[in-house]
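Structure record follows, encoded as structure tokens.
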Amino acid sequence: MINHEFDIIRVLIASQDDAMIKKLILCLTENAYETVTVNNKTDARKNLLSFQPHILLLDRQIPTMNSLDLCREFHNACNIPILMLSNDDNIVDKVLSLEIGCDDFMTKDFDSRELIARIRAIVRRSHSNMPDFSTLSGTSPSADSDSSAKCITFPGLVINLTNYSVSYRGATIEMPPRELELLYFLASSPNQVFTREQLLDHVWGYEYVGDTRTVDVHIKRLRAKLPGKNSWSIATVWGVGYKFQTKPAKSE
């Protein structure tokens, strides 16, 4: 029995690896998932619109296209959850994939039970922020959509998650998706303290295994891009984590 809010999970597979595709389809159909397989960018875009999958399983090694570019484009365009599958567990490749928008990363020698568990977890987390495929067709979201809910403003700062942009003191600040999502998440709950583990879970969206210092690195980069004195700040709560502070820190 599938334990999630959807009756059937739709999975789009982008790969040219016949052996892996066969293994994926067998595993997914046994769990009553619907699947569509594509092997190029044009068909991937077409089936995102027609099939409207809940998740994209993307092969890291596709000879005829750059999977990282595809991941970045689709993540930014429609916020489709993406699980990257790779020949090896290279840490640099894994970090890069997660940084540009992947929700999870697995090797192709995956255990079927773990794959299903990870897909369920990703889809469950994305339920409140479903992909918007209208952006791929060139159409605009409906007038009823509440885009303002994804735009946060503070004096001198505008964080827009709808179009992934940040404006600071009137200037556009370039930020990778993860940095922007981390800033948006913190600013969405002013003065609330989050541990590094909570930030990894909410922003990165996967069960992180390894060093939580990746959060520290992203915080350092955010502070460098938002310098100067403001009525808000990204504050460190020693021994706990971080918060988006909207009141000046009191002196001891």
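The values are calculated or read from the model by the stated rules, or taken from the named source; none is laboratory data. Since this is a predicted model, take the numbers as computed values, not measurements. All Cβ positions, even for glycine, are placed from backbone atoms using ideal geometry, and neighbour counts span all protein chains on display.
Results, tabulated for the structure shown:
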{"quantity": "Restricting the range 189-215 to residues that are exposed (fewer than 14 other Cβ atoms within 10 Å of the Cβ) and under 27 Å from Leu83 (Cα atoms), the residue that is modelled with the highest pLDDT", "calculated": "Glu197"}
{"quantity": "Single residue of Ile62, Ile91, Ile119 found to be modelled with pLDDT of 85 or more, under 20 Å from His202 (Cβ atoms) and hydrophobic (A, V, I, L, M, F, W, C)", "calculated": "Ile119"}
{"quantity": "Thr42 being loosely packed, with under 14 Cβ neighbours inside 10 Å and assigned to a loop (DSSP other than H, G, I, E, B)", "calculated": "no"}
{"quantity": "Hits in the range 61-81 - residues which are surrounded by fewer than 19 Cβ atoms within 10 Å (Cβ to Cβ) and hydroxyl-bearing (Ser, Thr, Tyr)", "calculated": "Thr64"}
{"quantity": "Residue match in the range 67-74 (condition: over 22 Å from Arg178 (Cβ atoms) and at pLDDT 85 or above)", "calculated": "no"}
{"quantity": "Filter result for Ile55 (buried (at least 18 other Cβ atoms within 10 Å of the Cβ) and touching a helix residue (DSSP H, G or I) at 6+ places or on another chain (Cβ under 9 Å))", "calculated": "yes"}
{"quantity": "Selected residue (criterion: surrounded by the fewest Cβ atoms within 10 Å (Cβ to Cβ)) from residues of the range 13-39 that are among the small types (Gly, Ala, Ser) and within 21 Å of Leu68 (Cα to Cα)", "calculated": "Ser15"}
{"quantity": "Qualifying residue in the range 17-40 (condition: within 20 Å of the chain's Cα centre (by Cα) and touching a residue at least 60 places away in the same chain (Cβ under 8 Å))", "calculated": "no"}
{"quantity": "Subset of the range 82-107 that is among the polar types (S, T, N, Q) and over 13 Å from the mean Cα position of the chain (by Cα) - its residue that is surrounded by the most Cβ atoms within 10 Å (Cβ to Cβ)", "calculated": "Ser86"}
